[in-house]
Structure formats: structure tokens, C-alpha cells
Amino acid sequence: MIDLHTHTFFSDGALSPSELVYTAKVKGYSAIAVTDHIDHSNMEFVIPNIIKVAKILTQEYDILVLAGAELTYIPPKLIDSAAKECRKLGAKIIVVHGQTTAETVPPETNLYAVKADIDILAHPGHLSNEEAKIAADRDIKIEITMRKYHNAANDLVAASALNAGAKLILNTDSHNGDNLMTKEIIKETLLRAGLKEEYFTTMQKNSMEVINKRR
Ligand SMILES: [Zn+2]
Ligand SMILES: [Zn+2]
């Protein structure tokens, strides 16, 4: 299993990167991205530390660990420059905290995100046709989330993305070990998003595309 959106105690997750990654390995993961919440206050601190531990864990635990970042509540016009700064710091997988229906994320976050140098728009809530089309054209993956509350709009997100030809990926947005993927939660999430269980294979291929582009 591949999961490209998780958190550790470098932001609001409960676990250290080592504990999260080892737990994921035990649960059958082959690859995981650690994408802690980032803004201009902490990117220079968090990203190098995640890169350091990701290298060690990849070598020692036989699981591919990618250092990433989730750009969170960044003023929308600055999303692209912030993403580029994160890449310069060495982040591989760049996620944007989209306009989930569970929070008041700054307006136009989705729109600026799909125009920016990012990989994944997470939990975008009411993804517009325009946003979905830009994501499709720029090969930015749209996330179907397993995270409680953010998952309420998964069916709308899936319909809008697929209608525009954008590719979907499935992530947990884990904040602790219990949030990691299991077959049961995958099945339930896909069904509630209006997707067939078999579609998981396509989504994992899409995740692999992101990895191959960035590793
Ligand atoms: Zn988020
Ligand atoms: Zn997240």
C-alpha cells in the first residue's frame, strides 16, 4: 500500500516519524510520504529533519519513505512560491491543504493550488469544474481522503475530478497509527465516494506515478 499524506509530531500528529513509518510497514505499506503541516514559520525546520529520518528509515526498515510537506493555510497567492521553497529544501511530495467543507480554509486555495508547483490537492471539498480541469491539464492528483470530517465531500470530489479527467489518489491523512490504511477502511471509503472497490488499484498506480516523478 502507498499513502502520500501523513502527519507526525513535527506538526499535529501523535507519533514520531520512526513510529509512524514502522507501524505503516507492519500494516503492509510499501511506501509512505510524511507531509507535516507547513507554513512560512516552520518549513526550514521541519523539512530537513524529515529528510534526515526518511533516509534512515528507508534504509533500515525496507519501506520507501518520502519527505514531503502539506502547505496549510498559506495565503493562496503565495502557494506557488512556498511550494518552490519546499522543493528547494528537498521536499519530494508537496500536498496542499484544500478547501475542505470541515473548515474555513482561505477562499481560492484550491484554485491557486492547482496552478502551483505541487503534487496533490488534499480534501478539496467542493472542487469546481475549472479547478478540476486545471488539475487534469497539469497532472496534479486529487485526493480522496480517509480522514474523518474531510471525507464528507469525497463523492462530490470524485465526480468532479473524474468528469474533468483529473487523476484520483487515496490517502489517509493519518495523525496516528490507527488512521493508517486497512482493507476495511479502504473499501468503506471507496464505496462512500461512489467508487468501485477495484478502483483502489488505479489510485495506487496514480500514487506510484507521483513517486516516480519525484523520487
Ligand atoms: Zn489537510
Ligand atoms: Zn493533512
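Structure above, values below:
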| quantity | calculated |
| --- | --- |
| Selected residue (only one of Asn49, Asn42 is within 21 Å of His175 (Cβ to Cβ), polar (S, T, N, Q) and either open to solvent by 50 Å² or more (accessible area, probe 1.4 Å) or touching a Pro at 6+ places or on another chain (Cβ under 7 Å) (or both)) | Asn49 |
| Residues (among the aliphatic types (A, V, I, L, M), under 21 Å from Lys133 (Cα atoms) and either over 17 Å from the mean Cα position of the chain (by Cα) or away from ligand 2 (no atom under 13 Å from the Cβ) (or both)) located in region 79-118 | Ile79, Ala83, Leu111, Ala113, Val114, Ala116, Ile118 |
| Breaking point among (1) within 16 Å of ligand 2 (Cβ to nearest atom); (2) surrounded by fewer than 20 Cβ atoms within 10 Å (Cβ to Cβ); (3) in contact (Cβ under 8 Å) with a residue 12 or more places away in the chain; (4) outside any helix (DSSP H, G or I), for His126 | (1) |
| Qualifying residue in region 94-106 (condition: in a loop (DSSP other than H, G, I, E, B) and more than 14 Å from ligand 1 (Cβ to nearest atom)) | no |
| Selection from region 129-151 of residues that are part of a loop (DSSP other than H, G, I, E, B), on the phi < 0 side of the Ramachandran plot and either away from ligand 2 (no atom under 14 Å from the Cβ) or among the aromatic types (Phe, Trp, Tyr) (or both) | Arg138, Ile140 |
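The values are calculated or read from the model by the stated rules, or taken from the named source; none is laboratory data. Predicted, not measured: the structure shown is a model, and the values here were computed from it. Backbone-built Cβ (ideal geometry, glycine too); neighbour counts: all protein chains shown. Just so you know, the surface numbers come from the protein's heavy atoms only, side chains and all, with ligands and any DNA or RNA stripped out. Shrake-Rupley method; radii C 1.70, N 1.55, O 1.52, S 1.80 Å.
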